[in-house]
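A.B. asks: Dumping the structure here so I can ask a few things about it.
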Amino acid sequence: MVWNLDFNISAWFVCLVLIMYYTSRRNLPIRRNRVFFLLMLLALIFNTVDISASIIASYPAIFPHGLIYAINVFYYIELALLPYCFARFCCLLLRDKDPHPLTILIRSIPCIAAILVSMLTIVNGKVFYLDAEGVFHYGPWRILYFYETVFYLIICACYIAARGAHKLQMRHRIALYSYIVITIFGHVLQVFVMPYHQTVSLCSMISILIVFLTFQGPDYYRERRTGFFDSRGLELVLSERYHSQQSASTAGFIIENFRTIKYVYTEDVVAALLRQVASYLQTLTDRQYTFYLRNGVFVVLLGERGSALELRDQIINRFYEPFVYKNNEYILRPKFFFDPGYIPYHTYEEYRSTISLALRTLAPQSATPSMLITEDMYQQAMRALAVERALGKALNNDAIEIFYQPIYSTYAGRVTSAEALARIRDEELGLLMPDEFIPIAENNGSITRLGEQVFTKVCRFIQSRDMDALGLEYIEINLSPLQCRRFGTARRYIDIMHLYGVDPKYINLEITETGSTGRDFTLDNLQELTEQGICFSLDDYGTGYSNLINTIHLPFTIIKIDKSIVWAYFDGQSSILELLIHHFKTLGKKVVAEGVETKQMSEALIGMDCHYLQGFLYSKPIPESDFIDYLEQ
Ligand code: C2E
Ligand code: MG
Ligand code: MG
């Protein structure tokens with residue numbers, strides 16, 4: 001009989017081109033890539049053997065029987081290995097930890113059995129045999145390879161269905177399912193329909209091509225502008241190291257003024273600068289893996305050969321010189337970090353948080369802008385991650401608590417308002433203070449939800465209590481600068497107020513100077529809320545970039561002077577407090593002094609004719625029920 005080889009020969013070339021392309025590019029040093037390479041190589045060898053075996057078997061008179069046996073046995077061994085190799089690839093994609101060696105052994109039993117059967121066929125002729133003329137015949141056990149393949153592929157399909165949803169993107173899963181379906185289809189055709197067409201190797205090739213094109217190509221995890229691997233690539237490499245408890249030492253830097261550059265210059269300038277930085281870094285790290293994580297962050301996987309200090313000095317020296325593009329010069333400022341590889345990270349997220357915390361704390365423009373990552377920073381970052389989780393949980397469970405801090409009116413001689421302050425009560429971490437979670441909420445974008453939850457709860461408080469009977473004129477609620485800048489904040493707040501039927505006169509929103517320096521939608525938001533009758537307080541006056549013009553032009557009725565200024569007055573360091581109170585009074589504003597802790601402070605402030613006093617002298621922030629008791633006393 002003559003075998004049809006048309007399909008195989010074309011598939012063979014495709015496979016060869018794929019492998020050549022794959023090896024010509026640098027690939028991420030992860031096991032899954034090595035296994036995929038093996039899979040491609042197996043497919044190529046399988047195809048080669050398939051073609052040669054068919055040619056040889058077609059001319060039994062010419063070739064010695066021993067050769068025909070050997071090559072066909074080899075063919076069946078390869079056939080048994082292919083699905084096993086794919087299963088291994090799927091495991092590496094989907095699993096978190098290395099499986100137990102015993103598990104690996106049990107999983108490989110069908111494959112090993114199939115290999116043994118292939119070899120035994122020389123003696124028992126069960127898979128194939130040659131007759132006296134050396135003509136090839138299929139044996140009854142040939143079907144075993146079909147079962148073996150289906151067995152592994154079905155297990156893979158179940159595994160993908162069970163674990164794929166949260167580990168892989170939809171298109172990755174589709175590619176893997178396609179691999180499974182097409183490969184099984186190839187087997188069915190060859191075993192049951194067209195035994196002398198080698199559809200198995202053709203379909204294996206098509207399947208591999210699909211996976212390659214979807215997510216296994218060497219350029220899949222590359223950042224376009226720099227040609228370096230991207231953050232997903234770094235995540236894969238480091239996660240693998242952490243899971244298998246291998247250390248990984250990295251170094252890198254952030255272009256500290258990158259945000260400004262992105263904001264000021266056009267996209268082609270930014271891309272050109274990144275390319276230049278990348279190609280310079282490439283010359284220093286020829287044999288190491290380099291990553292670009294966006295926002296101006298470059299990372300190098302150091303390995304044994306890398307010296308962080310040398311790298312740092314070279315980078316810092318290079319950055320003293322400007323980068324030039326189209327005859328214009330650009331100064332970039334790097335902040336360097338070195339992670340020595342002994343920090344006990346468990347996940348990539350832990351690594352990333354520690355590095356960004358370190359880079360944030362490193363003072364900009366310091367003489368040697370570099371930082372060694374220490375265990376201490378790691379602990380701080382872990383705390384921040386834990387707080388972030390607690391914040392997420394509290395937000396989802398509508399469990400942000402509101403504490404109220406009374407504000408004393410010196411004119412009325414009693415408490416007439418209060419500031420609502422957010423708290424989180426976490427089972428593990430205890431009571432969390434806003435200084436810890438507000439910056440995190442501002443960083444991860446959940447500040448909008450947090451602000452709305454606080455606002456809603458205060459509205460509920462106002463609706464459910466008789467404010468007048470309690471002697472309360474209004475409640476102060478903090479509004480983050482980010483909320484001010486966001487489109488639609490005013491609308492949302494007005495809707496919530498209407499929902500609870502709250503009279504706007506009972507609400508006073510506090511914003512800081514950073515929030516009020518009009519950008520984006522700030523002015524629209526302030527105006528819309530003012531039109532509704534909501535008043536504004538300028539919070540923490542004196543801590544930001546104080547701008548007296550803002551206090552004149554923006555619609556504040558109250559100015560809250562920050563406790564640092566109040567304390568500086570009573571420590572005898574600065575007498576600006578008196579001037580400020582006087583100044584704001586002449587502008588017709590009311591003034592709150594924050595941080596009033598002693599009787600002596602309150603008396604002096606009353607002497608300065610300060611309208612309101614807020615501080616521990618009157619009360620710390622307290623839960624709602626305590627606050628009501630406090631007022632009733
Ligand atoms: P803030 O708005 O300036 O609030 C006053 C802070 O000063 C409160 O800290 C309060 O406990 C503290 N304080 C008041 N009197 C004294 C005193 O006499 N001595 C001392 N040492 N401290 C005093 P807290 O509650 O930790 O809040 C910190 C900051 O977190 C607030 O500063 C505010 O900016 C922010 N924050 C709190 N809740 C929210 C919220 O719901 N949304 C937003 N965006 N920010 C909030
Ligand atoms: Mg405040
Ligand atoms: Mg304040």
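A.B. asks: Need the list of aspartates and glutamates near residue 262 for cross-linking: C-alpha distance under 19 angstrom, and skip anything on the same chain fewer than eight residues off.
C.D. replies: 223, 230, 329, 520
A.B. asks: What does the charge dipole of the chain about its Cα centre add up to, to the nearest 20 debye, if the Cβ of each Lys and Arg holds +1 and the Cβ of each Asp and Glu holds -1?
C.D. replies: 2200 debye
A.B. asks: Can I ask one more? Spin-label point model (7 Å from Cα, Cβ direction): what's the residue 143 to residue 573 distance in nm?
C.D. replies: Output for this residue pair reads 8.9 nm.
A.B. asks: Now, a different point. Quick check: net charge around residue 161, other residues with Cβ under 12 Å of its Cβ, Lys/Arg +1 and Asp/Glu -1?
C.D. replies: Once all neighbours under 12 Å are counted, the net charge is +3.
A.B. asks: Mind listing the phi-derived Karplus ³J(HN,Hα) values for region 74-88, rounded to whole Hz, using 6.51, -1.76 and 1.60 with θ = phi - 60°, and x for any glycine or proline?
C.D. replies: 4, 4, 6, 5, 4, 4, 6, 6, 4, x, 5, 5, 5, 4, 4
A.B. asks: Oh, and also: Tally the DSSP beta bridges in the chain and give the antiparallel ones as a percent, rounded to 5.
C.D. replies: Expressed as a percentage, antiparallel bridges in the chain total about 60.
A.B. asks: I've got another one for you. Nearest-5 percent of antiparallel DSSP beta bridges in region 231-373?
C.D. replies: 85 percent
A.B. asks: Turning to a different aspect of this structure: Apply the Kirkwood formula to region 384-632: the hydrodynamic radius equals the inverse of the mean of 1/r over all pairs of different alpha-carbon atoms; give it in Å with one decimal.
C.D. replies: After inverting the pairwise mean of 1/r, the radius is 18.6 Å.
A.B. asks: Restricting to bridges with both residues inside region 384-632, how much of the DSSP beta-bridge set is antiparallel, in percent to the nearest 5?
C.D. replies: Roughly 45 percent of the DSSP beta bridges within region 384-632 come out antiparallel.
A.B. asks: Heads up, I need the accessible area for residue 244: 1.4 angstrom probe, whole protein in place, Å², nearest 10.
C.D. replies: 40 Å²
A.B. asks: What residues qualify as long-range amide H neighbours of residue 222, i.e. H under 5 Å apart, gap of 5 or more or another chain, H built at 1.01 Å from N?
C.D. replies: So residue 222 has HN proximity to 230.
A.B. asks: Efficiency by 1/(1 + (r/R0)^6): what FRET value for residue 600 and residue 265, r their Cβ-Cβ distance, R0 = 51 Å, to the nearest 0.05?
C.D. replies: Result of the calculation: an efficiency of 0.40.
A.B. asks: Filter the trypsin sites (Lys or Arg not before Pro) in region 287-323 to those in DSSP coil with at most 12 other Cβ atoms within 10 Å of their Cβ, and list the result.
C.D. replies: Filter output for region 287-323: 287, 294, 305.
A.B. asks: Report the full-extension gain for the segment residue 38 to residue 376: residue separation times 0.36 nm, less the Cα-Cα distance, to one decimal in nm.
C.D. replies: Here the segment from residue 38 to residue 376 would lengthen by 117.5 nm.
A.B. asks: Report the net charge of residues surrounding residue 73, where surrounding means a beta-carbon distance below 15 angstrom and charges are Lys +1, Arg +1, Asp -1, Glu -1.
C.D. replies: 0
A.B. asks: Would you work out the relative contact order for the chain, in percent, from Cα pairs under 8 angstrom that are 6 or more residues apart?
C.D. replies: 8 percent
A.B. asks: If I histogram all Cα-Cα distances within region 231-373 using bins 10 Å wide from 0, what percent of pairs lands in each bin?
C.D. replies: Distribution as computed: 11, 43, 35, 10, 1 percent.
A.B. asks: Okay, next question. With each pseudo-label sitting 7 Å past Cα toward Cβ, what's the residue 154-residue 169 distance in nm, one decimal?
C.D. replies: Each label point lies 7 Å from its Cα, and together they span 3.2 nm.
A.B. asks: Then there is this: Which distance in nm do the two modelled labels at residue 314 and residue 465 give, with both placed 7 Å along the Cα-to-Cβ direction?
C.D. replies: 6.5 nm
A.B. asks: Nearest 20 debye, what's the magnitude of the dipole of region 6-216 about its Cα centre given +1 on Lys and Arg Cβ and -1 on Asp and Glu Cβ?
C.D. replies: Magnitude of the dipole: close to 1140 debye.
A.B. asks: Here is a follow-up. Local charge sum around residue 84 (other residues, Cβ-Cβ under 9 Å, Lys/Arg +1, Asp/Glu -1)?
C.D. replies: +1
A.B. asks: How many times 2.2 N^0.38 Å is the alpha carbon radius of gyration of the chain?
C.D. replies: Normalised Cα radius of gyration, the chain: 1.37.
A.B. asks: Let me ask another. Search the structure for amide H atoms under 5 Å from the amide H of residue 325, placed 1.01 Å from N in the peptide plane, and list their residues when 5 or more places away or on another chain.
C.D. replies: Hits under the 5 Å cutoff: 330.
A.B. asks: Evaluate the relative contact order of region 129-277 (contact order divided by residue number), counting alpha-carbon pairs under 8 angstrom at least 6 apart; express in whole percent.
C.D. replies: 14 percent
A.B. asks: Please give the contour-minus-distance gain from residue 13 to residue 245: 0.36 nm per residue of separation, less the Cα-Cα distance, rounded to one decimal in nm.
C.D. replies: Here the segment from residue 13 to residue 245 would lengthen by 79.5 nm.
A.B. asks: Compute the Rg/Rh shape ratio of region 358-447: radius of gyration over Kirkwood radius, all on alpha-carbon atoms.
C.D. replies: For region 358-447, the value is 1.15.
A.B. asks: Another question, then. For 112, 477, give me the order by solvent-accessible area with a 1.4 Å probe, most accessible first, ignoring ligands, DNA and RNA.
C.D. replies: 112, 477
A.B. asks: When the accessible area of region 6-216 is split by element with a 1.4 Å probe, what percent falls to carbon and sulfur?
C.D. replies: Answer for region 6-216: carbon and sulfur cover 75 percent of the accessible area.
A.B. asks: Out of the chymotrypsin sites (Phe, Trp or Tyr not before Pro) in region 461-499, which ones are loop residues according to DSSP with at most 12 other C-beta atoms within 10 Å?
C.D. replies: 487
A.B. asks: Can you send over the solvent-accessible area of residue 262, 1.4 Å probe, protein chains only, in Å² to the nearest 10?
C.D. replies: Rounded to the nearest 10, that gives 110 Å².
A.B. asks: Give the angle, between 0 and 90 degrees and rounded to the nearest 10, that separates the Cα long axis of helix 267-284 from the longest principal axis of the Cα atoms of the chain.
C.D. replies: On a 0 to 90 degree scale, this one is about 60.
A.B. asks: What GluC sites (Glu not before Pro) in region 356-436 are in a loop by DSSP, with at most 12 other Cβ atoms within 10 Å of the Cβ?
C.D. replies: In loop regions of region 356-436 (DSSP not H, G, I, E or B), the sparsely surrounded GluC sites (Glu not before Pro) are 427, 428.
A.B. asks: In addition: Relative contact order of region 6-216, please, whole-number percent, based on alpha carbon pairs below 8 angstrom and at least 6 residues apart.
C.D. replies: 24 percent
A.B. asks: Follow-up. If you take the alpha carbon radius of gyration of region 6-216 and divide it by 2.2 N^0.38 Å, what ratio comes out, to two decimals?
C.D. replies: Ratio of Rg to 2.2 N^0.38 Å for region 6-216: 1.04.
The values are calculated or read from the model by the stated rules, or taken from the named source; none is laboratory data. Keep in mind that this is a model prediction, so the values were computed, not measured. Every residue, glycine as well, gets a Cβ built from its backbone with ideal geometry; the counts of neighbours run over all protein chains shown. Remember, those area values only see protein heavy atoms, side chains included, never the ligands or the DNA or RNA. Shrake-Rupley method; radii C 1.70, N 1.55, O 1.52, S 1.80 Å.
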